[in-house]
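Visitor: Input: one structure, supplied below.
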Amino acid sequence: MSGSEAIAAPAEDGGLAELLARHAPPDVGRDLDADALRSLANVGSVPVDAAVVVGDLRMSGLLLREAVSASLFARYIVGFTEAVRSLAHEFHGWFDKFTGDGFIAFWIRSDGAPVVDAVPAFCRSVLPASESLIANLKRNSRNFPVGVGLALGIDAGACELVRVGNSITVLGSPIVGATRMVGGARAGRALVNVGLGAEFEEQRPRLAAMGVRIDRSVVATKEYPDGQEAYELDFRGLERPSTAA
């Protein structure tokens with residue numbers, strides 16, 4: 001099934017085609033076969049294996065409080081959100097939602113397909129987009145705090161792809177894991193939970209060829225205040241790739 005065939009869902013799908021156009025990559029057919037699409041349309045959910053990326057804009061609350069124009073702040077955030085949606089789709093991912101000061105995107109790992117190309121490529125592309133956002137926010141700020149920047153958290157595992165109202169979202173423990181990781185990540189970096197991080201570490205030469213450095217790390221989290229293992233992806237000094245992986 002091609003991506004265009006998958007999105008061209010039948011009229012009785014209850015609006016699924018419109019939801020896929022908003023959330024799914026154009027080549028959605030490589031992620032969900034006809035049975036999965038039918039389950040999503042008729043049952044409202046389908047199990048998937050997914051890698052989840054959570055982005056969080058550090059110091060966003062202070063930036064909103066210090067904004068000269070709230071309408072400009074909103075315009076910049078909306079523009080960044082649409083840029084993230086476009087990048088997720090470019091790198092064959094799904095855009096879940098805007099979270100108020102960040103986003104959730106995910107990649108369905110069909111038949112155990114690796115995401116070592118798509119996810120790091122998306123991350124290294126979304127960071128320059130966030131730098132443009134930060135430059136705009138700085139121009140619109142009365143006072144600009146230290147530490148502003150986009151942090152990224154990544155985890156993977158069994159999830160459920162679910163229709164909720166007029167949206168499609170993903171539910172499962174990787175959401176918790178990615179949120180935990182982003183809480184410990186530094187601005188401009190990505191933290192990957194240990195399971196997926198170990199897969200990435202096995203592909204260290206491949207990541208290095210992409211210009212991405214991976215290092216083992218220990219990060220203190222709410223659930224593990226003494227620290228838990230993770231892997232940090234470093235994209236500093238990298239330019240945006242010209243094409244999707």
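What follows is calculated from the coordinates using simple rules that are stated; it is not laboratory data. Since we're looking at a predicted model, the values are computed, not measured. All Cβ positions, glycine included, derive from the backbone under ideal geometry; neighbour counts span all protein chains shown.
Visitor: For 117, 56, 35, which order do you get if you count the other beta carbons within 10 Å of each Cβ and list the fewest first?
Guide: Starting with the residue having the fewest Cβ neighbours, the order is 35, 117, 56.
Visitor: So what are the ³J(HN,Hα) numbers for segment 51-62, from phi and the Karplus equation (6.51, -1.76, 1.60; θ = phi - 60°), rounded to whole Hz, Gly and Pro as x?
Guide: Karplus-based 3J(HN,Hα) across segment 51-62 equals 9, 10, 10, 10, x, 9, 7, 5, 6, 5, x, 5 Hz.
Visitor: Could you pull out every residue, at least 5 positions away or on a different chain, whose amide H is within less than 5 Å of the one on residue 109? Hs are placed 1.01 Å off N in the peptide plane, and Pro or chain starts have none.
Guide: HN-HN under 5 Å from residue 109: 49, 50, 51.
Visitor: Now a separate question. Where Lys and Arg each count +1 and Asp and Glu each count -1, what net charge lies around residue 137 among other residues with Cβ under 15 Å from its Cβ?
Guide: +2
Visitor: May I ask for the net charge around residue 68, where only other residues with Cβ less than 10 Å from the Cβ of residue 68 are counted and Lys, Arg are +1 while Asp, Glu are -1?
Guide: That works out to +1.
Visitor: Can you tell which of 72, 161, 191 shows the greatest fluctuation in a Gaussian network model of the chain with Cα springs below 10 Å?
Guide: 72
Visitor: Please order 181, 59 by the number of other Cβ within 10 Å, starting at the fewest.
Guide: So the residues, fewest neighbours to most, are 59, 181.
Visitor: Now a separate question. Work out from phi, with θ = phi - 60° and the Karplus expression 6.51 cos²θ - 1.76 cosθ + 1.60, the ³J(HN,Hα) of each residue of segment 176-189, listed in order in whole Hz, and give x for Gly and Pro.
Guide: My calculation for segment 176-189 gives 4, x, 5, 5, 4, 5, 5, x, x, 7, 7, 4, x, 10 Hz in order.
Visitor: Here's another thing I want to ask about it. Using the alpha-carbon atoms, what tilt in degrees (0 to 90, nearest 10) does helix 70-90 show relative to the longest principal axis of the chain?
Guide: The two axes meet at around 50 degrees.
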